[in-house]
Structures are given as structure tokens and as C-alpha cells.
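Trainee: Please find one structure pasted underneath; my questions will follow.
Throughout, read-outs are computed from the coordinates displayed, never taken from laboratory work. All figures in this text were calculated on a predicted structure; none of them were measured in a lab. No Cβ is skipped: glycine too gets one built from the backbone with ideal geometry, and neighbour counts run over all protein chains shown.
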Amino acid sequence: MKPLLMGTNLKMYKTAAQTQDYLAALQTLTQDLRSDVTLFVIPSYPALERASNTVKDKAILLGAQNMHPEEQGQFTGEVSPLMLQELNLDIVEIGHSERRHVFHETDEQENRKVLSALDHGFTALLCVGETAEQKASGISDEVLAMQLKIGLSGVKPEQADHIWVAYEPVWAIGVNGVPASADYVRERHASIRRVLTQLFPALEIPVLYGGSVNPQNAEELIVQPNVDGLFTGRAAWEAEKFNALIRQVLPLWQRKQS
């Protein structure tokens, strides 16, 4: 039985001390779920060293929110894969909608980061999602296919088992996000799965859903076909609430696989 994937991106919230307290509490609360759940947290850069020193025995996988593809250079304000390797991280998040739409990163830039992350031994978590305007124009699947095909271009088959994909509709995330319906999530995840199967026929790359996930909609989301886990926002930013959410959906995930 595949473990349930549950994770969160802390964005520009929580100081290093707050992140340490959060991870320590989450590690304790979920210690009985190790074999059933793959749990991951992606803190801010300044919190990563404390985070790495807090989590023991990979009880919680840790990731970075972004990464420059080059190992070194004159790139003021950037962080390289070599710097992240020193912190014993597992994951690099690439292409979050804020990177794409606030910082104007392109699919080609995300591709360079994906290839670099894989070359340096990380799991590359590629985020994809359409805007409200693209959804209204009826081109959601085309947008997702382009983001996947460009973002994963050049990935070797032997590297692809270190790829995760997170589907996060741009209009569904953030403070003003509108949760997507379960039917809509099912349709988009089916579309994403078709593209991934074309790219990597022998592999079943995990696809997570993220976008205003909360205790009210998590159960109907996790039971959808091709949803392998949940990438949760503010509903996971308190350890007790995240622990409760994991335990809420885990039995449904296990039942789906049986």
C-alpha cells in the first residue's frame, strides 16, 4: 500500500524559532504514522538549518521553496543546490504559482531548476496550475500539459522516480482562494495523469492536489482518482490542526487502495 503524501509550504510565514517549535510538535504528534504517511514541510530559507536539526531520522521530509539551477555565480539573492545539499534537504519546490505569477518565472526556467534539482539528488516538486482567466477560456488542460511537458523536458527515465507534481489552480490558493470542486479536481488530475503517462509510461509519478485544502473538503478530495496526496496551506500551519487533518483523510486513502 502506497503511503499517503501530505505536505505544506510555509511560504513567508514563521520565523526560524517558530518553525522549529512547529516541526518538533508535528514530529511528536505524528510519530505513530511513519509507515502510513510520507509527511513533508517546506519552510523559508532562514529556517532551514534549524528545521534540519530538529527533524530526526527523516520523520518529516524537508524542502526548499525555490532554488537557482547553477551551483555558484554572480546571482545576488539566490540560493544554489550546493547550499541546499549542506542542509540535508529532500525536496525542492519548483514553479509555485507565486514564483510564476509574482516573480514572472517561465516554464523554461522551471525546467532548468527541475533538471538541476534531480542532478543534485533532490526530489523535484513541480507545481502546475491555470489562472482564472485560462479556466474561463476553457484551456486549463492545455496550460497544464504545456507546463508539464516543458517543465519536465529532458528528465531521464531513471530520474523520474524523483519527480512529484502538485496541481494548484492559481485561483484556488491564497487568502482569497476559491476551493475547486471535487469534480473539477478529478478532471484535471486525470488530464495531468495522461500527460505524465505519455512522458514516462513505466512510472506512476505522484500527483498531489493543493488549493484551499481544509477539513471541510479534504475527504472528498483524497478519494478522487489520481489524487495521491494533499499539499495543504494555512490549514496545516498549526501542528495540531495538520495532525488532525492527516488522521481525518488517512482511513479514506487506505480504503481507496484496498
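Trainee: Take every Cα pair under 8 Å in region 1-83 that's 6+ residues apart, average their separations, divide by the length, and report that relative contact order as a whole percent.
Mentor: Once normalised by length, the contact order is 31 percent.
Trainee: Highest mean first, what order results for 75-88, 96-109 on Cβ atoms within 10 Å?
Mentor: Ranked from most to least packed, the peptides come out as 96-109, 75-88.
Trainee: Another question, then. Sequence-distant or interchain residues sharing an amide H contact under 5 Å with L4, placed H: which?
Mentor: V37, T38
Trainee: OK, next. Where Rh is the Kirkwood radius over the Cα pairs of region 207-258, the temperature 10 °C and the viscosity 1.306 mPa s, what D in µm²/s does Stokes-Einstein return?
Mentor: Stokes-Einstein gives a translational diffusion coefficient of 145 µm²/s.
Trainee: Can you give the relative contact order of region 132-221 as a percent, counting alpha carbon pairs under 8 Å and 6+ residues apart?
Mentor: Averaging sequence separation for qualifying contacts and normalising by length gives 38 percent for region 132-221.
Trainee: Please tell me the relative contact order of the chain in percent, rounded to the nearest whole number, where contacts are Cα pairs under 8 Å and at least six residues apart.
Mentor: Answer for the chain is 19 percent.
Trainee: Let me ask something additional. Arranged from highest to lowest average of other beta-carbon atoms within 10 Å per residue, in what order do the peptides 213-224, 25-36 appear?
Mentor: Sorting 213-224, 25-36 by mean packing, highest first, produces 213-224, 25-36.
Trainee: When the Kirkwood radius is taken over all Cα pairs of region 98-241, what Stokes-Einstein diffusion coefficient follows at 37 °C and 0.692 mPa s, in µm²/s?
Mentor: The Stokes-Einstein estimate is 211 µm²/s.
Trainee: Next up: Would you calculate, for the chain, the mean residue ellipticity at 222 nm contributed by helices, counting each DSSP H stretch of 4 or more residues as -39,500 (n - 2.57) and dividing by all residues, to the nearest 500?
Mentor: For the chain, the value works out to -12000 deg cm²/dmol.
Trainee: Post the alpha-carbon centroid distance, region 79-151 to region 179-258, in whole angstrom.
Mentor: Using only Cα atoms, the two centres lie 18 Å from each other.
Trainee: Mind checking the alpha-carbon convex hull of region 157-258 and giving the volume per residue in Å³?
Mentor: 109 Å³
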